[in-house]
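To keep things clear, I will list the structure first and then write my remarks on it.
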């Protein structure tokens, strides 16, 4: 089974190993029906009638990904609400930065790990809940009503991208995938450099005037981030489809849900920033 996504290719190899141990793949939407490609040899674990045959591994399906995504969003929402209520206003910045750093570390571990780890994915949702709660409270204190606007805009974009992908208006071709990943890496590098400069007192204007005010550079950068974050859903949806096609085990639905969650959080925070640029201080 071939795929242009290196992560899915790696996971697909893991699925092949499990399949060789006695797991039969399924159809494109999780239904059984495709013949087993690598039947175990007689006398080996997994062979029919073998007393040591391992139990069948349940393959992931779209429903699995939906359930896991909703679960992670619920965890994120509860943690964000707790952070909003419990973190004092004076400590919002510290909570924001601390959660961002810890979340980045966990996210990188998940992204480069060769195994699906539900505990790490849940931990990521918990940490990012603190980040989202602190960021949301910070912006809401300055611009009342901005959080609900950002939430509506975020999920509105998500549903639009879902419809566009379902209608095949936008597809994750190899060229599209490589280009988008390169742009995302570039944006991440720019944001990291800007963060380091801000820590030493250098304001580049990339994230506002220093007091949250708008400028053309900040607005343009946020618009670019929103566009790229929106397009990243295409990669996530493609990973779900390819994961099902490759017959990945059910636990990999946590990885697929993680990808969707990352894009939602990024899009939401950028929506908050962009909306704040067009709202004056009272």
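Read-outs throughout are calculated quantities, based only on the coordinates presented, and are distinct from any laboratory measurement. Quick caveat, the model's predicted, so the values are computed rather than measured. A quick note on method: Cβ atoms are made from the backbone with ideal geometry, for glycine too, and the neighbour counts reach across all protein chains shown.
Summary of computed values
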read-out	value
Computed over the stretch 60-277: relative contact order in percent, which uses C-alpha pairs under 8 Å that are six or more apart	35 percent
Relative packing of peptides 87-93, 160-166 - highest average C-beta neighbours within 10 Å first	160-166, 87-93
Highest-first arrangement of 74-80, 239-245, 141-147, where packing means the average Cβ count within 10 Å	239-245, 74-80, 141-147
Size descriptor, Kirkwood hydrodynamic radius, that averages inverse alpha-carbon separations across the stretch 60-277, Å	18.1 Å
For peptides 264-277, 219-232, 186-199, sequence by mean Cβ density within 10 Å, most packed first	264-277, 219-232, 186-199
Theoretical gain in end-to-end length, residue 112 to residue 241 [0.36 nm per residue, Cα-Cα removed]	44.4 nm
Distance between modelled label sites at residue 187 and residue 278, nm, 7 Å Cα→Cβ extension	1.8 nm
Theoretical FRET efficiency, 1/(1+(r/R0)^6), r = Cβ-Cβ of residue 219 and residue 250, R0 35 Å, to 0.05	0.20
Cβ-based exposure ranking for 68, 175, in which fewest neighbours within 10 Å come first	175, 68
